[in-house]
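Reading through the structure tokens given below for one structure.
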Amino acid sequence: MDPSHRPLLLFDHDGVIADSFEVFCAGFLEGCRHAGFARIATPEDVVDLFDGNVYERMRALGAGEEQIREAVGRSAQALQMGAAAVRPFPLMPEVLGELSDARRLVVVSSNTAAVVEGFLRRYTIGGVAEIAGAEAGQSKVDKIRALLERFPGDETVWYVGDTAGDMREARLAGVTPVGVAWGWHDPQRLAAAGAERIAETPADLLAIVAPELRADFLGVD
Ligand SMILES: [Mg+2]
């Protein structure tokens with residue numbers, strides 16, 4: 001194998017890298033209120049949407065396209081306006097930096113690429129090769145499959161996510177989901193949705209997706 005080859009490694013953004021739930025949720029609920037979509041009225045309702053693909057769950061609950069646009073648009077706006085209140089989870093910038101030499105890091109998110117890019121820039125988090133955001137499509141399954149077509153041949157491709165919906169979409173796309181314990185859904189919910197492994201901490205995540213780098217990161221020989 002080409003020694004410069006970097007295997008693909010896929011990440012969700014919100015709840016994995018960015019601690020954004022409060023800001024996202026406030027904007028999303030405001031959008032639902034504004035669009036007259038009463039089925040989503042509490043933070044728990046928002047959390048439950050992430051059991052599957054958010055857009056599909058909204059439609060299943062009876063939301064029209066305009067209402068979905070309003071909710072998604074307001075949450076994106078809230079994340080832009082409230083960017084200073086959204087911080088990285090401790091140690092995730094360091095873990096991404098460590099991984100980026102050895103892996104092709106791609107963020108696959110239902111958030112907009114602009115929000116993700118702004119966040120990475122604000123916290124000088126380097127090493128992300130590309131972002132497949134909301135503009136690239138609503139389905140993470142489709143976005144992941146497109147990446148596998150462009151970068152074929154890796155034995156195991158991990159998708160790092162924090163919701164049951166992430167675990168399900170990763171499985172459908174043919175990659176291996178790893179759930180993080182610090183995100184929007186708890187480990188039991190992630191395991192029930194098909195998580196292959198659960199990372200309790202960012203160091204744990206590094207050990208799962210790139211075991212050969214673990215010793216470096218922990219500073220042991
Ligand atoms: Mg997430």
Mind listing the Cα extents of region 21-84 along all three principal axes, in Å, largest one first? 34, 22, 17
Can you tally the net charge around Asp12? Count Lys and Arg as +1, Asp and Glu as -1, for every other residue whose Cβ sits under 11 Å from the Cβ of Asp12. -3
Net charge of Cβ neighbours under 13 Å - reference Asp2; Lys, Arg +1; Asp, Glu -1: +1
Would you list His13, His5 from fewest to most Cβ contacts within 10 Å? His5, His13
What number, in percent, do you get for the relative contact order of the chain if the mean sequence gap of Cα pairs under 8 Å and at least 6 apart is divided by its residue count? 24 percent
Round to the nearest 10 and give me the degree value, 0 to 90, for the angle of helix 65-81's Cα axis relative to the longest principal axis of the chain. 60 degrees
Expressed in angstrom and ordered largest first, the alpha-carbon extents of region 104-221 along the principal axes are 43, 35, 31
What spacing in nm lies between the two simple spin-label points modelled at His34 and Asp2, each 7 Å away from Cα in the Cβ direction? 4.5 nm
Take Ser20, Ser75, Ser139 and order them by how many other Cβ atoms sit within 10 Å, fewest up front. Ser139, Ser20, Ser75
How large are Rg and Dmax for the chain when only the alpha carbon atoms are used, in Å? 16.9, 59
Using a Gaussian network model of the chain whose springs link C-alpha atoms within less than 10 Å, name the residue from Glu66, Glu196, Glu130 with the highest mean-square fluctuation. Glu66
Skipping prolines and chain starts, which residues have an amide H placed within reach, meaning under 5 Å, of the one on Trp158, given they are 5 or more residues away or on another chain? Leu10, Thr176
Total formal charge among the other residues, if their Cβ is under 10 angstrom from that of Pro202, Lys/Arg +1 and Asp/Glu -1: -4
So what J values fall out for region 15-30 if you push phi through Karplus, 6.51 cos²θ - 1.76 cosθ + 1.60 with θ = phi - 60°, rounded to Hz, Gly and Pro as x? x, 10, 9, 9, 8, 10, 4, 4, 5, 4, 5, 4, x, 5, 5, 5
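No value in this document is a laboratory result; all are computed from the given coordinates. Keep in mind that this is a model prediction, so the values were computed, not measured. No Cβ is skipped: glycine too gets one built from the backbone with ideal geometry, and neighbour counts run over all protein chains shown.
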